[in-house]
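The values are calculated or read from the model by the stated rules, or taken from the named source; none is laboratory data. Owing to the predicted nature of the structure, the values given are computational and were not obtained by experimental measurement. Here the Cβ positions follow ideal geometry from the backbone for every residue, glycine too, while neighbour counts run over all protein chains shown. Note: accessible area is taken over every heavy atom of the protein model, side chains too, but ligands, DNA and RNA are not part of it. Shrake-Rupley method; radii C 1.70, N 1.55, O 1.52, S 1.80 Å.
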Amino acid sequence: QVHLVESGGGLVQAGGSLRLSCVASGVYDIGWFRQAPGKERRFVASISESAGRKVYSDPGKGRFTISRDNTKNTVYLQMNNLKTEDTGVYYCAARLTSTQPYNYWGQGTQVTVSS
């Protein structure tokens, strides 16, 4: 059973930073997604099992960094220079191979960026 738990969200002023963590029950391809109020869930970043492949959505490029520590089964999303439009619930998701969809989701962590 794949189990994911996010943490690290909170309230921060624009320009500030947060680091989100996703603790998994094993080592998987992991993606981070954001769901803003009243909007669809959108891709933010992903990292392969070995960290050899990292992908970012355009809004996060240059501001967000995804990384992982496989000794702790944890994936991190470092978010710098946060903007109000980064506000939302952040979910991490896992997939068993790079060709499969993200079928396993955490409960989410709220990020609120104030102006």
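Given (1) more than 17 Å from residue 3 (Cα to Cα); (2) in a strand (DSSP E or B); (3) open to solvent by 60 Å² or more (accessible area, probe 1.4 Å), identify the lone condition not met by residue 23.
The one condition residue 23 does not meet is (1).
Here is a list: 76, 90, 102. Which entry is surrounded by 15 or more Cβ atoms within 10 Å (Cβ to Cβ) and out of contact with any Phe, Trp or Tyr (no Cβ under 9 Å at 6 or more places or on another chain)?
76
Which of (1) open to solvent by 20 Å² or more (accessible area, probe 1.4 Å); (2) touching a residue at least 12 places away in the same chain (Cβ under 8 Å); (3) of a type outside the set (Asp, Glu) does residue 61 not meet, given it meets every other one?
Of the numbered conditions (1) open to solvent by 20 Å² or more (accessible area, probe 1.4 Å); (2) touching a residue at least 12 places away in the same chain (Cβ under 8 Å); (3) of a type outside the set (Asp, Glu), the odd one out for residue 61 is (2).
Let me confirm something: among 38, 15, which residue is in contact with a Lys or Arg (Cβ under 9 Å, 6 or more places away or on another chain), open to solvent by 40 Å² or more (accessible area, probe 1.4 Å) and among the small types (Gly, Ala, Ser)? So that I can check it myself, show each step before the final result.
On the way: 38 fails: in contact with a Lys or Arg (Cβ under 9 Å, 6 or more places away or on another chain).
Every option except 15 fails the conditions.
Residue 44: touching a Gly at 6+ places or on another chain (Cβ under 6 Å) and more than 11 Å from residue 4 (Cβ to Cβ), yes or no?
yes
Could you check how many residues of region 23-72 are aromatic (Phe, Trp, Tyr) and either out of contact with any strand residue (DSSP E or B) (no Cβ under 9 Å at 6 or more places or on another chain) or farther than 21 Å from residue 113 by Cβ (or both)?
1
Any idea which of 113, 55 is among the β-branched types (Val, Ile, Thr) and in contact (Cβ under 8 Å) with a residue 24 or more places away in the chain?
Working: 55 fails: in contact (Cβ under 8 Å) with a residue 24 or more places away in the chain.
Testing whether each residue is among the β-branched types (Val, Ile, Thr) and in contact (Cβ under 8 Å) with a residue 24 or more places away in the chain leaves just 113.
Can you pull out every residue in region 26-35 that is open to solvent by 10 Å² or more (accessible area, probe 1.4 Å) and touching a Ser or Thr at 6+ places or on another chain (Cβ under 7 Å)?
Scanning region 26-35 gives a single hit, 29.
Among the residues of region 96-115, write down those that are not β-branched (Val, Ile, Thr) and not in a strand (DSSP E or B).
Matches in region 96-115: 96, 98, 100, 101, 102, 103, 106, 107, 108, 115.
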